[in-house]
Amino acid sequence: MKILVTGGTGFIGSHTVVELINAGHEVVIVDNLVNSNKDVIGKIKRITKVRPLFYKVDVENKKALAKVFNEHKFDAVIHFAGLKAVGESVQKPLLYYRNNLDSTLTLLELMVEYDVKNILFSSSATVYGTPEVMPIKEEDPLGHTTNPYATTKLFIEQILQDFVSANPGFKAVSLRYFNPIGAHPSKLLGESPSDIPNNLMPYISKVANGKLEYLSVHGDNYDTVDGTGVRDYVHVVDLAHGHLLALKAFSFDKAYNYYNLGTGKGTSVLELIHAYEKANKIKIPYVIGPRRDGDIATSYADIEKAHIELGFSPQYTIKEACRHAFLYEKKQK
Ligand code: NAD
Ligand code: UD1
């Protein structure tokens, strides 16, 4: 297939591009580089021996994006482009609504104009709000989102649903990611936020490499195995592979489909710290701090639907993810 990947130089997008190229697909990337670097293209080439075509384009810019659609006949779009910092979305809700919604609307309009019928969308477990039952199943209630970022994901899922019902023959698939971690085993691709990380794994990696002094564990009085928050951490390469598998959903009868992508297993903050220490034979200094606003005690996926319908079955262990994340961060300045 010839696939347009928006946000393809980002963390999950770049790993997915590698999987797509390795499986023989032709990839064209568009990204405005607001949260990534063009060097990623050369790194993808080092891994796959193929340099994907790259356009520095803001997906909100219809004229610039139309040029790309004009030059290529795509079979599908994978839409990663978006802003993703939860805290920033609370401070700057309009920026998040404008960027995430406008870019999606522009993309969908062009898909109609150029008759590109298939789209995979990066959704998030955050669309389940504060789920009451674990593991989380796709049919569990959505909504009661706790921040504007999460609400953009919920709105976009609804937009996609309305879009495919109004346009016969079009297919949309939302992939609800749980907690992506790790890095490419080549150490060439990964995530290393330039600001102080909000998410647990990049924070641990900065502490492990001496770039931050210690980790603060956000609360140890939850009703969980050791009192700390439990999440479903999935290796980014497994997640990327899930996109490759999800392409087959375009041939299913349902015009709109949605899948959880996680591992189906929960890991606590302390368990992750200890796995990281063991994988890399180092100590992670940490203190127990207060709970973080908006956090839930436990979140992990039921991945049966993705397993049965797509053949999704994550391969990497938490220990491997910890090793890859450490080695990637070590190479960053
Ligand atoms: P990322 O920031 O590394 O990648 C997103 C990419 O989109 C970046 O390269 C950025 O430059 C680009 N981008 C943003 N707005 C754009 C625009 N208007 N036009 C063109 N490019 C634009 O993030 P990621 O972790 O790779 O996430 C990819 C997608 O998955 C995002 O939509 C994110 O919300 C979603 N997601 C991520 C996580 C996670 O934990 N990383 C969890 C659930 C969902
Ligand atoms: C966060 C976002 C969520 C987003 C997801 C993936 C919030 C409230 N939620 O989820 O919307 O989809 O990232 O990008 O930000 N922790 C610490 N110390 C730290 C950092 C985290 O103890 O320094 C704990 C948290 O309390 C949580 C766990 O580690 O229990 C995982 O946190 P994080 O990596 O931020 O992911 P989520 O909270 O699941």
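Check whether at least one residue in segment 277-293 is of a type outside the set (Val, Ile, Thr), within 16 Å of ligand 1 (Cβ to nearest atom) and touching a residue at least 40 places away in the same chain (Cβ under 8 Å), and report yes or no. Yes, some residue in segment 277-293 is of a type outside the set (Val, Ile, Thr), within 16 Å of ligand 1 (Cβ to nearest atom) and touching a residue at least 40 places away in the same chain (Cβ under 8 Å).
With (1) over 23 Å from Ser165 (Cβ atoms); (2) within 12 Å of ligand 1 (Cβ to nearest atom) as the list, and Asn260 as the residue in question, which single condition is left unmet? Unmet condition: (1).
Comparison of Tyr214, Tyr300 shows that the only residue that is in contact with a Pro (Cβ under 6 Å, 6 or more places away or on another chain) and surrounded by fewer than 20 Cβ atoms within 10 Å (Cβ to Cβ) is Tyr214.
At pLDDT below 95 and either hydroxyl-bearing (Ser, Thr, Tyr) or part of a helix (DSSP H, G or I) (or both), is that true of Thr104?
On the way: at pLDDT below 95: no; either hydroxyl-bearing (Ser, Thr, Tyr) or part of a helix (DSSP H, G or I) (or both): yes.
When the stated conditions are applied, Thr104 does not pass them.
Given Asp226, Asp195, which one is within 18 Å of Ala297 (Cβ to Cβ) and not in a helix (DSSP H, G or I)?
Working: Asp195 fails: within 18 Å of Ala297 (Cβ to Cβ).
Result: Asp226 is the single residue among Asp226, Asp195 that is within 18 Å of Ala297 (Cβ to Cβ) and not in a helix (DSSP H, G or I).
Ile78 falls short on exactly one of the conditions (1) in contact with a Gly (Cβ under 7 Å, 6 or more places away or on another chain); (2) in contact (Cβ under 8 Å) with a residue 24 or more places away in the chain, and that condition is (1). Among the residues examined, Leu270 does not qualify as more than 16 Å from ligand 1 (Cβ to nearest atom), under 20 Å from Ala23 (Cβ atoms) and not in a strand (DSSP E or B).
For segment 257-275, the criterion of being buried (at least 21 other Cβ atoms within 10 Å of the Cβ) and touching a Cys at 6+ places or on another chain (Cβ under 8 Å) is met by at least one residue.
Just one residue in the set Asp162, Asp140, Asp195 is over 15 Å from the mean Cα position of the chain (by Cα), within 14 Å of ligand 2 (Cβ to nearest atom) and of a type in the set (Asp, Glu); that residue is Asp195.
From Lys62, Lys56, grab the single residue that is at pLDDT 95 or above, more than 11 Å from ligand 1 (Cβ to nearest atom) and under 30 Å from Pro148 (Cα atoms). After ruling out the rest, the residue left standing is Lys62.
The values are calculated or read from the model by the stated rules, or taken from the named source; none is laboratory data. Predicted model only: the values in this text are computed from it and were never measured. Methodologically, a virtual Cβ is constructed for each residue, glycine included, from the backbone with ideal geometry; neighbour enumeration extends over all protein chains shown.
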